[in-house]
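*Asks:* I am attaching a structure below and will ask some questions about it afterwards.
What follows draws every value from the coordinates through simple rules; no lab data is involved. Note that this is a predicted model, so its numbers are computed, not measured. Don't worry about glycine lacking a Cβ; one is built from the backbone with ideal geometry, like all the others, and counts go over all protein chains shown.
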Amino acid sequence: MEHVSNHLSAYLDGELTPELRAQVESHLSQCSDCSKELAALQQTSAILQQLPLPTPSPIFLDRLHASIESAARRPMERFIGMLSGVAACVAIVGGLLLMQPGATALATSSTPAAWESDAGGGGQLADDSLDNTPETAIGQWMVAGLSAYEGGQN
């Protein structure tokens, strides 16, 4: 057990567990120094209890209430701040993952050189030159749109 003097204030206030209280009482019955220290604490407590309680000013009470209300809002503000930080981290990680080569289906599909050369020449794509994937459909749609655009402008 720690030195009993560390527990005397809690002993005086009745805040000790029954086991620790019994240990302190046993020690106090044998140690005159700790008994004197307890007596001094009791005397100090008695003097403090006799002092008149100050009456707080209305300005002080208003400030106190504002501080309490502000402190009550802080956990929500911290939670919102934390949630914003998590959302930012998720966005950054997601962006980094999307920027990695091979992260998208387009990057992992067959080489785009075949449809790029057809699109650049304005010709039609051969159906058997690429897999039947969404990327192929998008490429065909782009080629068709460019062909129609070029046809209307020239």
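Every residue, every condition in (1) in a helix (DSSP H, G or I); (2) under 42 Å from the mean Cα position of the chain (by Cα); (3) of a type outside the set (D, E, K, R), yes or no:
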position	(1), (2), (3)
11	yes, yes, yes
14	no, yes, yes
29	yes, no, yes
42	yes, no, yes
49	yes, no, yes
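*Asks:* Output the number of residues of region 37-67 satisfying the condition of being surrounded by 10 or more Cβ atoms within 10 Å (Cβ to Cβ) and without any contact (Cβ under 8 Å) to a residue 12 or more places away in the chain.
*Replies:* 13
*Asks:* Let me ask something else about it. With the requirement that a residue be surrounded by 11 or more Cβ atoms within 10 Å (Cβ to Cβ) and in a loop (DSSP other than H, G, I, E, B), what does region 16-27 give you?
*Replies:* 16
*Asks:* Being in contact with a Leu (Cβ under 9 Å, 6 or more places away or on another chain) and more than 30 Å from residue 8 (Cβ to Cβ) is true for just one of 56, 75. Which residue is that?
*Replies:* Going through 56, 75 in turn, the sole match is 56.
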